[in-house]
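What follows is a single structure, written as structure tokens, with notes after it.
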Amino acid sequence: MPICTATLALGSVSGSLLFSNTDIASSNLHSSSVSSLLSPVSNFSKHSQRYCCSSRRTPWVCSANKVTSNTEINGQTSPVLQDSSVPPTEAVRQARRSADWEAARSYRDSGFICEGRIEGFNGGGLLVRFHSLVGFLPFPQLSPSHFCKEPTKSLQEIAKGLTGSLISVKVIQAHEESRKLIFSEKEAEWSKFSGKIKVGDILEARVGSVEDYGAFVHLRFPDGLYHLTGLVHVSEVSWDLVQDVRDVLTEGDEVKVKIISIHREKSRITLSIRQLEEDPLLETLEKVIPQDGSVGSDSESISDASNIEPLPGLETILEELLQEDGIIDVRICRQGFEKRVVSQDLQLWLSNAPPINQNFTLLARAGRQVQEIQLTTSLDQEGIKKALQRVLERVP
């Protein structure tokens, strides 16, 4: 991916002013006009969509007696207004800003990576210099490597440490009319590193934010940095039924994940933790209740369905399952007895094995008993999980 290094305006922006002292000195302005030029960056709010580029149009108005000439900027000829009320240096700056807006739109449309210098920050993100313009990079658009490198630091401390450095970014918004110039480092990182991963890869990772629907996890690359972020959906956290992801994962946890899908157009990665572990249900079916009917090494006997008494509480659950839409039939097939007590409480699992003729396998377990249940349904695996969850919420 081509990388362009922007020509950066040097010198500090004292008080977040829009013009440098050099600009003011070169324009030979009267002191009363200087105050109209020096306008603080006040159009940044806490929401990224309201952050705008700090480059402003001049408050002066050209008179009707204007003269148009051509000024060459960056190899292109641009019309420049010359008037007694507008100093030539200001006209050149206006033309330069227009050319820079055009360059920003070109980067946005092409998706190329450019570099900008971080000039400061506020409560929502970083102020980034792009040629003569100053745009905004919201904190959520920063690469996860910054947070994972120094996890104990606050956003403001990280931003302060980045001030003055160059950063590789993509332009994601460039609207000259509303003076909105927005950057993303995450999108630049995606372009650099997404081609280095594939479905099936197993990576070390660190848990970021944890939500009701899953956990966002930062992937560590061979250079030791965390460049990309993926989602571990709640259904991929554990083989057990997880009702609250926060019971299993906490921000900062070090985990191993498997990449199960990559959506390159949307810059999305789907991850799994549970697929790195053996399905405990399938292992139990093989050892306790073998499919061929023989006795497993960890079991004492196998009972036929004709004389099986449902485990305490299981009969009510099966009756409730039959009330769910899409559940056609539920019946106990076989029973096994383990040599050791796993849990006195009733536990219920859904097999990860593919269904055969719309038949899924459930496993109920309590004490030493293990009962295999055949579930005939038109639902898919996720639909069965939701039906089971609704039933378990209803049954005390």
Near the amide H of Gly125, under 5 Å away, which other amide H atoms are found, from residues 5 or more places off or on another chain, if H is placed in the peptide plane?
-> Phe139
Could you go through the range 219-230 in sequence order and give the Karplus-derived ³J(HN,Hα) for each residue, using 6.51 cos²θ - 1.76 cosθ + 1.60 with θ = phi - 60°, rounded to whole Hz, and x for Gly and Pro?
-> 8, 8, 9, x, 6, x, 9, 9, 9, 10, 10, x
Summing +1 for each Lys or Arg and -1 for each Asp or Glu, what net charge is found among the other residues whose Cβ lies under 15 Å from the Cβ of Leu388?
-> -3
When the Kirkwood radius is taken over all Cα pairs of the range 197-276, what Stokes-Einstein diffusion coefficient follows at 4 °C and 1.567 mPa s, in µm²/s?
-> 104
Near the amide H of Phe112, under 5 Å away, which other amide H atoms are found, from residues 5 or more places off or on another chain, if H is placed in the peptide plane?
-> none
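All other residues with a Cβ under 15 Å from the Cβ of Pro144 taken together, and with Lys, Arg as +1 and Asp, Glu as -1, what is their net charge?
Values: positive: Lys149, Lys153, Lys186, Lys192, Arg206, Arg220, Arg268; negative: Glu150, Glu185, Glu187, Glu189, Glu204, Asp223, Glu251, Asp253, Glu254.
Charge balance near Pro144 sits at -2.
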The rounded separation in angstrom of the Cα centers of the range 214-254 and the range 116-194 is 24
Which pairs break 25 Å Cα to Cα here: Lys149/Lys258; Lys198/Lys256; Lys192/Lys256; Lys198/Lys386; Lys170/Lys266; Lys196/Lys385?
-> Lys198/Lys386; Lys196/Lys385
Counting only residues 5 or more places away or on other chains, whose amide H sits under 5 Å from the amide H of Leu271 once H atoms are built in the peptide plane?
-> Leu231, Val232, His233, Ile260
Just subtract the alpha-carbon distance of Asp240 and Ser178 from 0.36 nm times their residue separation and send over the number in nm, one decimal.
-> 17.3 nm
If we count every other residue with Cβ under 11 angstrom of Glu254's Cβ, Lys/Arg +1 and Asp/Glu -1, where does the sum land?
-> +1
Between Ile356 and Lys266, what FRET efficiency comes out of the Förster formula 1/(1 + (r/R0)^6) with R0 = 35 Å and r the beta carbon distance, rounded to 0.05?
-> 0.50
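All of the numbers you see were taken from the coordinates with simple rules; none came from a lab. Note that the coordinates shown come from a computational prediction; the quantities given were computed from them, not determined experimentally. Note that we place each Cβ from the backbone using ideal geometry, even for glycine, and neighbour counts take in every protein chain shown.
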